[in-house]
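Below is one structure, written out as structure tokens, with a few remarks after it.
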Amino acid sequence: MTGASRAGDFLRLCADPLARDLYESILCYRLTVPTIAWLLHLPPLAALLLPYVGHIVFLSVVFVAIRRRMLEAESLMVTLIVALSFALTWSNCGQGFTDTTTHALAASLLLTVRPAWGVFAIWAGLLNDERMLLALPFVFLWHWPDLATIKRRRAEVLWWLGGVGTGTLAYLALRHALTVGWIGPGIQTPEEYHRIQDLALTFRPKLGSWLLWGINAFLGFRWAWWLVIRFSAQAFSSRQLPLAVLFSVSLAGGTVATALVADVSRSVGFLFPAWMFAAMGLGSDGPAKRRLASIVLAMMLTPVFHVAAWDNIEWQRPLLISLARWWCS
């Protein structure tokens, strides 16, 4: 069950964070959760359960962050939208996926602008998955949504940006040390990075079809895309041009960047703060409440899946159902 699989690689890293006998060599760089399991000397079963603790922490931090800006009922609905998206679904339906730890660290940046925490959260988040970078523009907007706010809090902005830069440099330094063998036996550049570079240079999607990519990008947040589209339109119509441009460009750029990988829906999940910011920006009046409730209901009632290929639709099932199917097969 855990041999040549993500779960098998995860357990090997939990036993030895410097292991190199991995099925997916790219995981040699994703060490935050395996290192925690290693430091705690967790047995295999406990190590496999550790990412699910990340789910709870992630959604708790999301709720606390949005509750500071919205009423309780609306905050709960926004948290449910995030929980029903691929920010949670992929790692909740498979073993050895630690996305929600990265998400929890990204969400924690919504709670404070302290540079020291920013350095740690960004370093640990990137070390868990470099796609954390997709969330950072929306963290910036969360704290400084317009030019007037940025000018008034210029020192705070600069300190925060310094923390982001320092955390990123610390991650790159550790990554280089792992690659050249200053820490551990060294890492040969994974073939996946060469493929991503080729796709970027030729502007081709990993899935082989832009239509297939678009379907999976939509499935990342399904009906909740209406939130970010409506918010972008509202920002442009109200002539909040800096906000509208930064939000829309960050969302579009981050979404297009997911074309470089096969797990498009999962990667779109790393953009989750965009949906939180959009919900907050659309307010808490009657229409906004009904909009959120309608989206939550639609996401609950419609199936969750992603299209790996035109002839391969993979349905996402909760962990307990997946384990029951495996046990009975």
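Here are some notes:
- Listed residues S209, S91, S232, most fluctuating in the chain (Gaussian network, C-alpha, under 10 Å): S209
- Charge dipole (the chain, unit charges on Cβ, about Cα centre) - positive-most of V245, L282, F272: L282
- Calculated log₁₀ intensity ratio I(q)/I(0) where the Debye formula runs over C-alpha points of region 204-315, q = 0.11, 0.13, 0.18, 0.21 Å⁻¹: -0.39, -0.53, -0.94, -1.14
- Stokes-Einstein diffusion of region 68-138 at 25 °C, 0.890 mPa s viscosity, Kirkwood radius from Cα pairs, rounded to a whole number: 186 µm²/s.
- Under the span-like rule (Cα at least 24 Å along the axis, Kyte-Doolittle mean at least -1.0), DSSP H helices of the chain: 44-67, 154-180
- With the helix formula -39500 (n - 2.57) applied to DSSP H stretches of n ≥ 4, the chain reaches a computed 222 nm mean residue ellipticity of -20500 deg cm²/dmol.
- Between region 105-124 and region 191-229, the Cα center-to-center distance that results, in Å: 27
- From the largest down, region 12-76 spans 49, 24, 17 angstrom on the principal axes of its Cα atoms.
- Euclidean distance of C-alpha centroids, region 1-42 and region 46-102, integer Å: 22
- Charge sum, other residues only, whose C-beta stays under 15 Å from T101's C-beta, Lys/Arg counted +1 and Asp/Glu -1: +1
- When the convex hull of its Cα atoms is viewed from all sides, region 74-191 shows a mean projected area of 9.4 nm².
- Fluctuation leader among T166, T102, T189 - the chain, Gaussian network, Cα springs under 10 angstrom: T189
- Relative packing of 290-303, 254-267, which averages over residues the other C-beta atoms within 10 Å, highest first: 254-267, 290-303
- Kirkwood radius for region 6-309, taken over all pairs of different Cα atoms as the inverse mean of 1/r, rounds to 20.0 Å.
None of the figures in this text is laboratory data; all of them are computed from the coordinates on show. Just so we're clear, the structure is a prediction, and the values are computed from it rather than from any experiment. Here Cβ is always computed from backbone atoms with ideal geometry, including for glycine, and neighbour counts include all displayed protein chains.
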